[in-house]
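Here the structure is laid out as structure tokens; the discussion comes afterwards.
The values are calculated or read from the model by the stated rules, or taken from the named source; none is laboratory data. Everything quoted here is computed from the prediction, not taken from an experiment. As a convention, Cβ positions derive from the backbone with ideal geometry for all residues, glycine included, and neighbour counts pool all protein chains shown. The accessibility values were calculated without ligands, DNA or RNA, using every heavy atom of the protein model including side chains. Shrake-Rupley method; radii C 1.70, N 1.55, O 1.52, S 1.80 Å.
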2 protein chains.
Amino acid sequence: MLKDFASPEVPEGLDLSAKIEEQQDRLFKNQMAIKEAGLPVMVMFEGWGAAGKGSIIGRVIKDIDPRFFRVTNMSKITEDDRRFPFLYRYMKVIPEGGKFAFYDSFWMEEVTDGFVRGDLKQEDYRARVRSINNAERSLMDNGYLVLKFFFQISKKEQKKRLKALDEDADTEWRVNDADWFQNKHYDEYLDVYDRYLEDTNGQAPWCIIDTDDKKWALLQVLTFINSGIDTALKNHGKAAPIRQNVYQLLPTPDLADIPLDKTISDEDYKEELKKLQKKLRELHYKLYRRRIPVIIAYEGWDAAGKGGNIKRIAAALDPRGFVVEPIASPEPHEKNRHFLWRFWTRLPRSGHFTIFDRTWYGRVMVERLEGFCSENDWQRAYNEINEFEKELTDWGAVVIKFWVQIDKDTQLERFTERQNTPEKQWKITDEDWRNREKWNLYEDAVNEMLKKTNTAFAPWHVLESNDKHYARIKALKIVISACEKAIEEADRKNK
Amino acid sequence: MLKDFASPEVPEGLDLSAKIEEQQDRLFKNQMAIKEAGLPVMVMFEGWGAAGKGSIIGRVIKDIDPRFFRVTNMSKITEDDRRFPFLYRYMKVIPEGGKFAFYDSFWMEEVTDGFVRGDLKQEDYRARVRSINNAERSLMDNGYLVLKFFFQISKKEQKKRLKALDEDADTEWRVNDADWFQNKHYDEYLDVYDRYLEDTNGQAPWCIIDTDDKKWALLQVLTFINSGIDTALKNHGKAAPIRQNVYQLLPTPDLADIPLDKTISDEDYKEELKKLQKKLRELHYKLYRRRIPVIIAYEGWDAAGKGGNIKRIAAALDPRGFVVEPIASPEPHEKNRHFLWRFWTRLPRSGHFTIFDRTWYGRVMVERLEGFCSENDWQRAYNEINEFEKELTDWGAVVIKFWVQIDKDTQLERFTERQNTPEKQWKITDEDWRNREKWNLYEDAVNEMLKKTNTAFAPWHVLESNDKHYARIKALKIVISACEKAIEEADRKNK
């Protein structure tokens, strides 16, 4: 794409300045339009060092309202960033609906630079490209406009500009070793850029801009952004295609077919609990030292015993290495973003545990049944969730998903007990009673959810919790066995 | 405090295990009580390496619900943390109302360690202590319970424990050079710890715990936390004392006495604007290279022209180095914390600009007049705000505060114009008309605010904005002169 790229010539007799002003005016109006429509817009500027990204961004934003955009420089990756999945630091900075986000380099730079320098092997590169393509599609399906610019510049021109910057005392600090390295290895970079542009052109398409003539480049950028917004506004709120499942799914029984008569004696419970918690504590140190993150997702009926179950896991862990995240309805700044944003931003660092008390599966349960999202939204979500969990396991995380199961009679018993016990009354609300009335609707939704997201890499585990003690012991055993497996695998790879 | 500290003996015949269980049970009940009351609780564990902080924390949380607490290890300071004020990374992690936060070391460790190692000079140390004392008081005045433990251990015992950890292959990774350094320099640390405990005992008091006997230590910790909560619940929601102002205030005219007839010709405006924006752009690079942060706070009447004014400042800055933060009503997770939390977390990195479109002064304007906070809350806020801004300027930030002033007739004209211009209708809401009815009440509140927060280090500047062009030029000149001053000072200090 890049190698055979020829920039269009400036049309003869064109008044560039007038055209630029026209497009800037259009952008100003478009900014109000996206604000009104609640459209989130991501504009990614990628390309060669010294190609003039900074100065073009400066001109693009010149006339628009700075309260509704943000420019973020993504070049610097901190040590802490490296303790999260690749997409993490990018997903963290996606904009809210109605706002512009301009990025001075985005996920391309990290990947292409890593590939040229050899930090990423072929298969790592391919995995990154897959992650990026999935993320871009998922953002667009969820209503984001994604615009991608690549700023092209020749080897000679780059060298000239770097030299000029370097020789001026006021600007020499803007040139670093990485820039010179790039110029020296121009042809290798060109190969990788070319391949990357090709590989990631399938979702949001690339717009390549020759920056030799700055005004002409600016005009092209502005025009491309404006026409992108016009199109996005036409698509906005429209349904996106539901994608086929591409992951291997495990066989999953219906909830109704799961026997709930399993129990454990008090004596066995106490003994097992102590033994298993000790075991898990030891494993946590091993996980920590190997930097393996663990994500445990709890879903289940109200009063099924999630809280007590979580407590028995948490009590076994090093308190400085885990967090329990109770998930309630999204707050406004969360609702205004991709529905997975609030989970991306709550992921554990490598070596740590995060236990979610309710999860991203709310999308296909409560949000589906209460109409908090569109039908298209929740129907697409099964795949979006599978892709999200695939990112997590590819990163190296252990992902464990629990459905805490009880029958309807047991729920009624527990509701009644809560109602009648003063210290437990905070646990029961009118909403719980209302949800109970929709038991059958929820059961259908849960059955569909379990079947569609029971992937080989992040399988569901049903915890039969009519006897809470039984469910706790089972949960501990599952967590332990998953962690042991992950440690073994890590040690095998490191040999 | 530390040198003459003698741990109480375990009372003879005391059943430690039974007492611990009793206190753990009490803590469980207290957790529900703080949840119900919306009380936020911060528990800071400080002390010697290998004193057993981790294991005590593990036992303290054993029986409480992990959904309502979080344990945070604050020991590691990243490079990015250092680009923010000292208090920033601590204020970032204060809990919401109703939740526990346990800290494995907090702001003490950074200060004492820095002092012993010589990174902090005497005057830096004293400034840190001042910051911490103010922050603790402000947290408590805003309803936080702050509990502070120092874990004491003798030089010999520390050495013994470090050796034991070091010799065991499973634990040797937990001992690092800093631990051994501390043991080697035990007496110096003891001096500094002793002084620090004394210096910071005035707000939340210290509880020193000898950890030789772990069970006895645990019992003391649990008892102290429980009695702290009992007391805090009694104080909860009560008014805190309004403190005297300690900062030098500049003379401040009443709004009514400020002439609003200042204007600028179109020609002069265009010329000046261009010249000043160019100047500011150049200064931004200089600020960036010297790592000087700039914070600009905009307040003013509806339709006074804040947006347009901000735009003229922003347009002059490097887009990768500024953010405009529009401040609306707090979201639930913001309302549940100290009212300055959402501003602490929005501060610029060193070298960057943050422009606030409305600010922390909402506390003494809209929140005061609409009753969104108690009278005591807003009356205390003047001092809390002055302290906050002092932290910022002590850090090295340039803090510029603008009041954008118009008269009542001009506001009516602009409201009417907005109402009648389709592209501007989004800018005018029913709330604007309601606020206008309260003009006089607001004017009184603003006059009080300007007088009480017009400090020498962060003075107010009134922008006469009946002529918006005049106001923009004036704002640019003020920003430029403040930045120039800061650069000169920085260069003088570096000589």
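Quick notes on this structure:
- Of the GluC sites (Glu not before Pro) in region B:35-96, the ones in a loop by DSSP (not H, G, I, E or B) with at most 10 other beta carbons within 10 Å are B:79.
- Separation of region A:280-307 and region A:56-100, taken as the distance between their Cα centroids, equals 32 angstrom.
- Hydrodynamic analysis of region A:282-387 uses the Kirkwood radius over alpha carbon pairs. Inserted into Stokes-Einstein at 10 °C and 1.306 mPa s, it gives a translational diffusion coefficient of 105 µm²/s.
- Label-point distances for residue A:436 to the equivalent site in the other copies, using a point 7 angstrom along Cα→C-beta, read 5.3 nm when ranked shortest first.
- Positive-end extreme of charge dipole, the protein assembly as shown - chosen from B:169, B:340, A:277 (charges on Cβ): B:169
- Degrees between helix B:186-199 axis and first principal axis of chain B (Cα, 0 to 90, nearest 10): 50 degrees
- A Cβ-based charge dipole, computed about the Cα centre of the protein assembly as shown with Lys and Arg at +1 and Asp and Glu at -1, lands at about 1040 debye.
- The chymotrypsin sites (Phe, Trp or Tyr not before Pro) of region B:126-226 include none that meets both conditions, a loop assignment by DSSP and at most 16 other Cβ atoms within 10 Å of the site Cβ.
- Label points for residue A:332 are taken 7 Å from Cα along Cα→Cβ. From this copy to the others they lie 1.4 nm apart, shortest first.
- Förster-model FRET efficiency, 30 Å R0, residue A:29 and residue A:242, C-beta, rounded to 0.05: 0.30
- Taking the centroid of alpha carbons for each part, region A:368-429 and region B:435-495 are 51 Å apart.
- Restricting region B:75-164 to trypsin sites (Lys or Arg not before Pro) that sit in a DSSP loop and have at most 16 other Cβ atoms within 10 Å of their own Cβ leaves B:76, B:92, B:121.
- Remark: region B:126-173 carries a charge dipole of roughly 500 debye about the Cα centre, counting +1 on each Lys and Arg Cβ and -1 on each Asp and Glu Cβ.
- Rounded to two decimals, the Cα-based Rg/Rh of region B:81-166, with Kirkwood Rh, is 1.03.
- Globularity index of region A:122-267, i.e. its alpha-carbon radius of gyration over 2.2 N^0.38 Å: 1.69
- Nearest-ten-degree value, helix A:122-141 long axis tilted from longest Cα axis of chain A: 80 degrees
- Computed on chain B, the Cα convex hull volume stands at 176 Å³ per residue.
- Evaluated at q = 0.19, 0.25 Å⁻¹, the base-10 log of the normalised Debye intensity for region A:57-115, with identical point scatterers placed on the Cα atoms, takes the values -0.77, -1.08.
- Table column - 3J(HN,Hα) (Hz), region B:57-67, Karplus curve with 6.51, -1.76, 1.60, x for Gly and Pro: 4, x, 7, 4, 8, 3, 9, 9, 7, x, 6
- The gain in end-to-end length when the residue B:164 to residue B:493 segment is fully stretched comes to 113.7 nm, 0.36 nm per residue minus the alpha carbon separation.
- Solvent-accessible area buried by B and A, counting both chains, probe 1.4 angstrom, square angstrom: 4100 Å²
- The orientation-averaged projection of the convex hull spanning the C-alpha atoms of region B:1-123 amounts to 10.3 square nanometres.
- The convex hull of the Cα atoms of region A:215-333, projected and averaged over all directions, covers 15.7 nm².
- Under 12 Å from residue B:148, Cα to Cα: aspartates and glutamates that are on another chain or at least 8 residues apart: B:46, B:104, B:136
- Between the Cα long axis of helix B:214-235 and the first principal axis of chain B there is an angle of about 40°, rounded to the nearest 10.
- Cα-centred dipole magnitude for region B:70-174, charges only on beta-carbon of K, R (+1) and D, E (-1), debye, nearest 20: 320 debye
- Summary for residue B:423: label point 7 Å along Cα→Cβ; distances to the equivalent points in the other copies, ascending, 6.5 nm.
- Projecting label points 7 angstrom from Cα along Cα→Cβ for residue A:413 and residue B:394 puts them 6.0 nm apart.
- Chain A - mean residue ellipticity at 222 nm from DSSP helices (-39,500 (n - 2.57) per run, n ≥ 4, rounded to 500): -16000 deg cm²/dmol
- Region A:403-475 - Rg (one decimal) and Dmax (whole number), Cα, Å: 14.4, 44
- Grouping the Cα pair distances of region A:439-495 into 5 Å bins from zero gives a pair-distance distribution of 4, 15, 15, 18, 21, 13, 7, 4, 2, 1, 0 percent in increasing distance order.
- Cα-only radius of gyration and Dmax that characterise the protein assembly as shown, units Å: 30.2, 101
- Among residues of chain B, the one whose beta-carbon sits closest to the B-to-A rotation axis is listed with its distance in Å as B:331, 2.
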